[in-house]
Amino acid sequence: MRILMSALFWRILLSSLLVVAVLGFGLVRANEAHEELEKQFERLVQHDLKLADDAEQLLRLMVDLETGKRGYLLTGERAFLAPYEQARKELEGLLTEAQVVAESGMEDERVASFGRLVRDWIENVSEPQIRAREKGLVPDPAAADEGKTRTDEMRAILADLRRHAIDDADAREQAAFQSAAASQRATRTVLLLAIFIALGSGAWIARDIAGTTGQLEEALEATGRLEPLRPMPLRRDELGAVAHSLSKMNALLLDKDSSLRATLAERERALADLTRANADLAVRDAHARAYAEFVGELKTLDVGALATGGLQTLVRLADAQVGAVYLLDDADRLVPVRATAADGRAMEHHAFSAGGLPRSVMERREPVFLEADCLGDARPELDLGVGTAPLRWVLAHPIALDSEGAGAIVLGGIHRPAESAADLVRDAARQLAVALHNAWTHDRLREKSVALAEQGERLARANKVRTQFLASMSHELRTPLSAILGFADLLLTSPKEQLSPRARESIERIKRNGDNLLALINDVLDLAKAESGRVEIRLAPVSLGQLARACVAEVESLRSGKEIKLSVTADGAPMETVTDAQRVRQILLNLLSNAIKFTDAGDVELTVRATEAEVRLAVRDTGIGIPAHMMKELFQEFHQLEAGDGRRYVGTGVGLALSRRLARALGGEIEVVSRERAGSTFTLVLPRAAPQPESSPPAAGAQAGVLS
């Protein structure tokens, strides 16, 4: 009877019954989900998959019927009728089986429709054709077409029936898996809930008993020390009665002691507050004076002066015995520029080595404060003359701004800074780091500006010499080459020269190669003029559609030996503009010849499109394309897609660079879109209005002009 009267007993019993109820509910739900899952899979196997398999077999029998009939009609061999007869025997049984499996509605209607069609096809199409072939008659083409139409209709019915069955099977399978997953989640949830309830109730009961017992123990100890008790819990069980008795006893003991202690404590508290306030005021005043002097020393941009004076003041503020300033040199090496230590051997410790803590702090851009337990067993010790003392703290602060690191400041001491001075030391280290970074950056920028100015002068002189050399060499080469071509023309056209076929062929080859070389020299000369800003532009009204067709006709011979379709596409809008026809022709010939050169077979198309503001002439090919990593270097002088002695395509890499310079001289641009092994499209974009010279605008009403 005593157990039944206990509140703790009933609390534990009710918690256990709640866990059992939750588990029972979970078992019932899991059993229902399992039965539903069995029904879903039974339906999936016995209906959906069976119907899909019957449709597949009917489709196979139809193929056997059609193949056997067609083979016999073509060859007259009776052997081809064997699969045909076998398919007819199996057809009715399979149709009956499919009709049984199919549900009423769309499924059985399609099975019945297929049965009617296949029987009608056998009786009215297939059998008459076979009998006619046995008699030696030629099959009627109209009957063959009708048979094909019916077989296509039957295939469509079977394919639709099979697809419907597979879709139902997939949907039912997905629903079954979802149901299984939901059941699994529900079971898992119920089990977890039961576990949580069991653990929660057990923990609650244990915590309740242990907490109350601990409070009683603390109350006994406090009573022994004549201390007041904290509020005891109000309970209606055995523990509550003990707590009530203990509270009454403690109150009687403390009643007389409290009045005596109150007066003494008040007096001691007032004295401690006054002493602490005086000490804090003195320390704060000393720190403020030292910090003001420190900030005044940070106004210079001299790295040496900042490192020396700032470090000394910072060491005094922090009451440190070791300090060092590290900065990056010209080779980006972290080197000490100023250090101070009561014992120089402390600088050999890894916390003060350039590759240790200073490098780590600079790279992470975050200050680090390490106490004695973080410095390891081999802490640096300072020789103070009368003995040694180990370092008890190290502060490292990065000299950095945003993502640019310049160095680090490291401090160390044998006495940990007071809490009131810690924030002041960190702020002073940050101020010194900012000042050092500004001075270091100022020195770096000054050195880099001098180096960049010298390098720019050298590059300008080298570019001028190169341009002059290209122009001079082009003139020197073109003069004798023109004479050679003139003599070759004279030999070929003179009626007095009796040349043999072999000699004539050799001279023609000399002339062709000379023309190619002369075109190359002209391109190099034009490139040199473009680089020096002396490109001659003669403006005049130009019909770009006619010019595009003329350029395509001019490169017609280049596709000899290749399976290339060369075409021009131009819209119906007027495409008259004021530009330099010769320069536009030069650009288009370069783009067209490149497209033909890099296309072995396919299409090369020149498309002309015009708007109110511009005209776009696009050369598209289906050639080898341009790799993505080479697009940035595409318009550089003397740059080619292939390099080395084994390249397949000849050229010097001048054409595209010259074409872009000429396009920009005309006020336009060349755009390129390409993908490797999928062809390229180079688009010349020209303004509808003529480009204006920079020096002075052309006279009003002028029809042509020259820009250079």
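Points worth noting:
- Legend: residue pairs Lys39/Lys89; Lys597/Lys632; Lys69/Lys148; Lys50/Lys89; Lys69/Lys89, Cα-Cα distance threshold 23 Å; pairs beyond threshold, Lys39/Lys89.
- Residues whose amide H lies under 5 Å from that of Ala400, counting only those 5 or more places away or on a different chain, are Ala406; hydrogens are built 1.01 Å from N in the peptide plane.
- The protection proxy used here, the mean number of other Cβ atoms lying within 10 Å of each residue, ranks peptides 148-159, 179-190 as follows, highest first: 148-159, 179-190.
- Size of the range 7-200 as Cα extents on the principal axes (Å, biggest first): 107, 28, 21
- For Trp121, Trp10, order by how many other beta-carbon atoms lie within 10 Å, fewest first: Trp10, Trp121
- Potential lengthening of the chain between Asp489 and Ile166 amounts to 108.3 nm, from the contour at 0.36 nm per residue minus the alpha-carbon distance.
- Arg538 sits among other residues whose Cβ lies under 10 Å from its own Cβ, and their net charge, with Lys and Arg +1 and Asp and Glu -1, is -1.
Values in this text are rule-based calculations from the coordinates and carry no lab data. Bear in mind that the values here come from a model prediction, so they are computed numbers and not experimental data. Glycine gets a Cβ as well: all are built from the backbone with ideal geometry, and neighbour counts include every protein chain shown.
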